[in-house]
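Take a look at the structure set out below.
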Amino acid sequence: MDNDQARTVMAAYLRETFGQVLDLREVAVVRKASGRTWRGEVVCATGLGDIPIGHLAVHEDGRLIETCTVDDLVEGIRAARSPASEPPASKAMDLFTDLDLTGPVSGPNVSIGFDEDVDGALSALDDGLDLRERIKQLKSAGRREDLLVVRDLLPQLLTEGETRRFTLVEMGEIELRLGNSDLALQYLEAAAREFADRSEVRALELVASIALRVLGEEAFATSPVKQLLDLSRRRLRPIEHLGQAPVFAGLGQDEIEQIERLSSESTIEQGQVLLQEGAEAVRAYVVRSGILSIRLQAPDGGSRVVRCCFPGDLVGETSVLGDAGATCTATVRAECLTSVWGFRGTDLRDLGSRMPMVLTRLEGSRALRRLDSFFSMHETTQTLDARMRDRILACVTGLRRSQANELLNTPGEIPPVVYLVAEGTVEYASADAPTTTFGSDKWIGLRDALHGLATEGTFVSAQECLLVVFDPERLRAFATEAPPDVVSVFQRLD
């Protein structure tokens with residue numbers, strides 16, 4: 001399924017259901033817990049302009065999972081005729097009208113130290129940004145009052161996801177110049193996490209050098225920045241044979257030799273794209289050395305790096321598990337000179353039929369990859385770095401399907417499991433409140449499980465549902481150990 005195919009499915013539904021009354025406007029990819037979906041805006045075109053009616057959604061397997069009804073049409077027209085819906089006489093000023101929110105795909109090489117900052121890196125991204133120029137001038141003046149203004153301005157740049165890590169370093173530098181070492185270290189640690197996600201070891205080493213000077217050798221040895229640096233260096237160690245890849249680990253020598261005969265080794269230049277989101281999925285790869293970035297298309301048409309793959313990691317499992325004609329769910333690009341073992345998806349599929357353990361691992365990998373994509377692009381969890389997302393994914397115990405009208409909890413007890421609705425709807429009913437409906441991508445029992453509270457009402461599947469099952473004990477342990485900003489994000493999920 002790609003954008004054009006999704007649009008065709010939606011347009012056919014509208015014509016069959018509403019004739020010429022409704023039109024389809026923008027269609028964009030959306031990440032959900034069940035996988036990729038395409039969401040299209042539905043309007044009623046009139047001589048006075050478009051009237052918003054609702055949305056259609058198509059799953060990557062071609063199913064319509066969100067539709068519009070006659071009631072939606074009536075309500076849309078009624079709302080358009082309401083005086084409350086008329087636009088205000090004057091448009092509110094957009095405080096960010098001059099801020100170019102687009103950034104380059106990868107950051108520049110930077111040199112970070114006490115006497116030099118990341119101005120060069122930031123200005124290299126876009127010399128024309130008025131906000132960056134003002135920050136640069138204020139920093140050059142060096143007066144305390146100017147640095148305080150810079151402190152207030154810098155958070156505005158955190159909206160630029162592709163340059164946020166450099167902004168965090170700069171925020172740390174400003175706090176150091178203002179004498180706030182503790183706050184500076186918090187910003188540097190946040191930057192280090194983002195550098196580690198992308199395995200930008202050189203930049204991470206420079207951040208670590210600042211942390212070392214601030215903390216001293218003894219405290220630095222146990223600091224999060226040092227741990228991230230060590231982890232990044234370990235992850236980059238090449239593997240020598242396919243038996244070292246987790247997907248094939250534990251297999252016998254004869255089985256490994258069979259797998260090696262199916263593979264072809266190649267070297268990929270920096271910047272070369274191995275898999276393109278939306279293209280037909282026909283090959284899978286295991287990284288031998290180097291780094292591959294995983295990039296997801298955003299609803300606005302851009303893309304963002306959500307994690308990197310390192311030696312031993314496998315990408316392209318859709319080519320093995322997907323139906324005929326399945327498309328790649330992400331773009332995979334080499335971030336440096338990278339060696340890979342390549343496989344035809346059909347060869348690995350045949351291999352899985354003979355080696356069930358390999359097939360099970362591939363299926364588990366795809367399920368977790370879909371969830372990771374969902375967390376990476378969700379409005380609440382997209383700020384979490386890859387390590388924190390991995391901690392959440394480690395709490396998953398499996399998938400299950402519930403039948404219509406199935407009771408999912410025992411009233412008056414602490415939830416023994418937590419659910420994330422991947423497909424379908426769940427209804428919550430209690431004596432003191434109206435029934436609440438939870439659709440796809442909503443959590444069931446998360447708050448009560450985290451706080452050890454009994455759920456008074458009942459959760460019942462309104463239809464057949466696909467549910468992701470989480471271990472509440474692991475979730476509680478994660479929430480207890482996670483930094484405050486991560487806990488804040490986690491609490492907003494329910």
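Please treat every number below as a calculation from the coordinates, not as lab data. Note that the structure is predicted; figures quoted are calculated from it, not measured. Counting neighbours? That spans all protein chains shown, and the Cβs are built from the backbone with ideal geometry, glycine included.
Quick notes on this one:
- Of Cys336, Cys68, the sequence from fewest to most neighbouring Cβ atoms within 10 angstrom is Cys336, Cys68.
- Exposure proxy order (Cβ contacts within 10 Å, fewest to most) of Asp485, Asp182, Asp372: Asp182, Asp485, Asp372
- Given +1 at the Cβ of Lys and Arg, -1 at the Cβ of Asp and Glu and no other charges, the dipole of the range 238-386 around its Cα centre is 160 debye to the nearest 20.
- Three-way shape label, the range 127-234, alpha-carbon gyration tensor, a/c 1.5: oblate
- Over the range 416-494, volume per residue of the alpha carbon convex hull, in Å³: 91 Å³
- Only one of [x] 25.2, 76; [y] 27.3, 88; [z] 28.0, 93 was calculated from the structure for Rg and Dmax of the Cα atoms in Å, and its label is [x].
- Here the range 1-77 and the range 321-359 have alpha carbon centers that stand 32 Å from each other.
- Dipole-positive endmost among Leu24, Thr360, Ala184 within the chain (Cβ charges, Cα centre): Thr360
- Structure-based [θ]222 nm, the chain - -39500 (n - 2.57) summed over DSSP H runs of at least 4, per residue, nearest 500: -12000 deg cm²/dmol
- Translational diffusion coefficient of the range 3-81 (Stokes-Einstein, Kirkwood radius from Cα pairs, 25 °C, 0.890 mPa s): 192 µm²/s.
- Remark: Leu215, Leu64 ranked as Leu64, Leu215, counting other beta-carbon atoms within 10 Å and listing the fewest first.
- Difference of contour (0.36 nm per residue) and Cα-Cα distance, Leu466 to Ala12: 160.8 nm
- Shape call, the range 289-360: gyration tensor on alpha carbons, a/c limit 1.5: oblate
- Charged side chains reduced to their Cβ positions (Lys and Arg at +1, Asp and Glu at -1) give the range 201-291 a dipole of some 420 debye around its Cα centre.
- Globularity index of the range 186-248, i.e. its alpha-carbon radius of gyration over 2.2 N^0.38 Å: 1.30
- For the range 242-377, taking the reciprocal of the average inverse distance between every pair of different Cα atoms yields a Kirkwood hydrodynamic radius of 15.1 Å.
- Between Gly290, Leu466, Phe195, the Cα set farthest toward the positive side of the dipole of the chain (charges on each charged residue's Cβ, about the Cα centre) is that of Gly290.
- Assigned charges on the beta-carbon of Lys, Arg, Asp, Glu; the chain dipole about Cα centre (debye): 600 debye
- Cα centroids of the range 391-441 and the range 473-494: 19 Å apart.
- Candidates Leu14, Gly250, Gly271 compared by Cα position along the dipole of the chain: farthest toward the positive end lies Gly250, with charges placed on Cβ.
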